[in-house]
Amino acid sequence: MNFTKTTEQSSHYEHLEQMSVADLLSNINKEDKTVPIAIEKVLPQIEVLITKVIEKIKLGGRIFYIGAGTSGRLGIVDASECPPTFGVPFDLVNGIIAGGDKAIRRAVENAEDNTTQAWLDLQEYAIGENDVVIGIAASGTTPYVIGGLEKCNENNITTGSITCNEGSPIALIAKFPIVVVVGPEFVTGSSRMKAGTAQKLVLNMISTTTMIQLGKVKGNKMVDMQLSNDKLVDRGVKMIMSEIPVDYSKAAELLKEFGSVRKAVDHWK
């Protein structure tokens, strides 16, 4: 397939090694500023995918992110932060990386080139028609992701994608593609930079919007968050104080008794 990989095109900047630290920072920042603008152009694509995700979760489905390298790691980060932030089960949002968990820290040779492994990985989770599989790949050509999305389509499983190249195989395979065209990277081909930032921002949108729509946020507060450290306990106490007329010690007592901000507030009311 012939298409232009803008993520692989030459940087707009030359002789990077001759730049001062200040110039490097200024130019990287200049490029980074273009990412939210690129995302703004595809908000309708993001909305369509999220609407489908919400529909499927309400039917008992789950979200699966699949990717390789940086893209796979970004999916894992987003998935792993949903339970503590929103109090959802650990198996509701899942991140799967080519090469398995060891690839989170170190690249696994040729893992992304395997076209059949993603489907095998998904089958370990008893993947079904109520689930949504979102392929993440800056290039849009990662064989691991392509193979996974193709098998999901064959088995009537909803597919989405997050890519940064228009007309890429993954964008054409996914039923609900999101294509954020960020252009050439500051360091030619280093898609962990603008492309990675774009993917992270879109993932934030997908998980956060979905959880809000599922009732996991009240007002603007994470009322279902897990109280896993002193900072979060303190935040929870202050949330309770903002909702009901109690002092800090009483709010702390309620939080300890009921285990969540939502339950403590609901009990009082």
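The values are calculated or read from the model by the stated rules, or taken from the named source; none is laboratory data. Model, not experiment: these values are computed from the prediction. Cβ atoms come from the backbone with ideal geometry, glycine included; neighbour counts cover every protein chain shown. The protein model used for the area step is the full one, side chains on, heavy atoms only, and it has no ligands, DNA or RNA in it. Shrake-Rupley method; radii C 1.70, N 1.55, O 1.52, S 1.80 Å.
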Checklist entry - Which residues, taken from segment 162-215, are open to solvent by 60 Å² or more (accessible area, probe 1.4 Å) and assigned to a loop (DSSP other than H, G, I, E, B)? => result GLU166, LYS175, VAL181, VAL187, THR188, ARG192
Next on the checklist: Tell me whether segment 69-88 contains one or more residues that are surrounded by fewer than 16 Cβ atoms within 10 Å (Cβ to Cβ) and either closer than 20 Å to ILE170 by Cα or of a type in the set (Ser, Thr, Tyr) (or both).
Outcome noted: yes
Item to check | Filter result (touching a residue at least 12 places away in the same chain (Cβ under 8 Å), assigned to a loop (DSSP other than H, G, I, E, B) and either of a type in the set (Gly, Ala, Ser) or under 15 Å from LYS194 (Cα atoms) (or both)) within segment 4-34 | outcome: LYS5, GLN9, SER10, SER11, HIS12, TYR13
Checklist entry - Any residue in segment 228-239 that is surrounded by fewer than 21 Cβ atoms within 10 Å (Cβ to Cβ), modelled with pLDDT under 90 and small (Gly, Ala, Ser)? => result yes
Item to check | Selection within segment 89-121 - open to solvent by less than 30 Å² (accessible area, probe 1.4 Å) and either among the charged types (D, E, K, R) or farther than 19 Å from PRO143 by Cα (or both) | outcome: LEU92, VAL93, ASN94, ASP121
Checklist entry - When the residues of segment 8-28 are filtered to those that are farther than 14 Å from THR188 by Cα and either in contact with a strand residue (DSSP E or B) (Cβ under 6 Å, 6 or more places away or on another chain) or of a type outside the set (A, V, I, L, M, F, W, C) (or both), which remaining residue is most open to solvent (accessible area, probe 1.4 Å)? => result GLN18
Next on the checklist: Against the conditions (1) closer than 20 Å to ASP32 by Cβ; (2) open to solvent by 60 Å² or more (accessible area, probe 1.4 Å), where does ASN220 fall short? Just the number, please.
Outcome noted: (1)
Checklist outcome for this item: Checked segment 240-259 for anything within 26 Å of LEU92 (Cα to Cα) and buried (at least 20 other Cβ atoms within 10 Å of the Cβ); matches are LEU255
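Which of the residues belonging to segment 130-152 are touching a Cys at 6+ places or on another chain (Cβ under 8 Å), among the aliphatic types (A, V, I, L, M) and farther than 14 Å from LEU49 by Cβ?
The one that is touching a Cys at 6+ places or on another chain (Cβ under 8 Å), among the aliphatic types (A, V, I, L, M) and farther than 14 Å from LEU49 by Cβ: ALA138.
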Checklist entry - Among the residues of segment 45-67, is any over 23 Å from ASN130 (Cα atoms), touching a residue at least 40 places away in the same chain (Cβ under 8 Å), open to solvent by 10 Å² or more (accessible area, probe 1.4 Å) and part of a helix (DSSP H, G or I)? => result no
Item to check | First in segment 113-128 and within 20 Å of ILE57 (Cβ to Cβ), second anywhere and charged (D, E, K, R) and open to solvent by 60 Å² or more (accessible area, probe 1.4 Å), Cβ under 8 Å, 6 or more apart | outcome: LEU122/LYS151; TYR125/ASP91
